[in-house]
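Novice: So that we are looking at the same thing, I have put the structure below in structure tokens.
The values are calculated or read from the model by the stated rules, or taken from the named source; none is laboratory data. Model, not experiment: these values are computed from the prediction. As a convention, Cβ positions derive from the backbone with ideal geometry for all residues, glycine included, and neighbour counts pool all protein chains shown.
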Amino acid sequence: MTIYEKAKDLGEAILETEQGKRAVEARYIFDGNEEAQKMLSAFTSYRANIQMKAQNGELTDEQIEEESSKINDMAIEVQKNEIINELIKAEKNLGIIVNEVFGILKGIVDGEEEGCGGCCSSCGGCH
């Protein structure tokens, strides 16, 4: 078995965790809901467009303030959408697991005997 095959197996094992299953289910529900997709897409596109204009100096300070307020209002509406909210939570929790696994791998590659287990309560300190 190659290292890439092992990585694929590890990824599949991560998706078998409770967090992985929840993320897959949330993505499936989101992908089946056109309204949620349009809402999130509109929000992310609008925010990215405003950020680019602000970075390029195309907006005045007053316009930036107005647009920031509009983006905040849009974000509140997006967060009210149960499907989007569940997807964001599920992906965040899956990301935590992935980061913990990465910490273990990095610890081993860096020469720690067992790698970091992701729990700081028994830790002697990060290196």
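Novice: Answer yes or no as to whether Glu100 is at pLDDT 95 or above, out of contact with any Gly (no Cβ under 6 Å at 6 or more places or on another chain) and among the charged types (D, E, K, R). Can you show your working first?
Specialist: Values: at pLDDT 95 or above: yes; out of contact with any Gly (no Cβ under 6 Å at 6 or more places or on another chain): no; among the charged types (D, E, K, R): yes.
Taking the combined requirement at face value, the residue does not satisfy it.
Novice: Would you point out the residue of the range 1-42, among those that are outside any helix (DSSP H, G or I) and over 14 Å from Ile84 (Cβ atoms), that is farthest from the chain's Cα centre (by Cα)?
Specialist: First, the residues of the range 1-42 that are outside any helix (DSSP H, G or I): 1-2, 16-17, 32-33.
Among the residues that remain, those that are also over 14 Å from Ile84 (Cβ atoms) are: 1-2, 16-17.
Values: Met1: 30, Thr2: 28, Glu16: 18, Thr17: 17 Å.
It comes out as Met1.
Novice: Pairs under 6 Å by beta carbon, first residue farther than 15 Å from Ala26 by Cα in the range 72-84, partner part of a helix (DSSP H, G or I) and of a type in the set (Phe, Trp, Tyr), six or more apart or different chains?
Specialist: Met74/Phe43; Val78/Phe43
Novice: Now, a different point. Tell me yes or no: at least one residue of the range 52-60 is acidic (Asp, Glu) and part of a helix (DSSP H, G or I). Working first, answer last.
Specialist: To start, the set of residues in the range 52-60 that are acidic (Asp, Glu) comprises 58.
When the remaining residues are screened for being part of a helix (DSSP H, G or I), the result is none.
No; the residues of the range 52-60 include none that is acidic (Asp, Glu) and part of a helix (DSSP H, G or I).
Novice: Just give me the residues in the range 49-78 being under 29 Å from Gln19 (Cα atoms) and either surrounded by fewer than 12 Cβ atoms within 10 Å (Cβ to Cβ) or of a type in the set (D, E, K, R) (or both), in sequence order.
Specialist: Correct list: Asn72, Ile76, Glu77.
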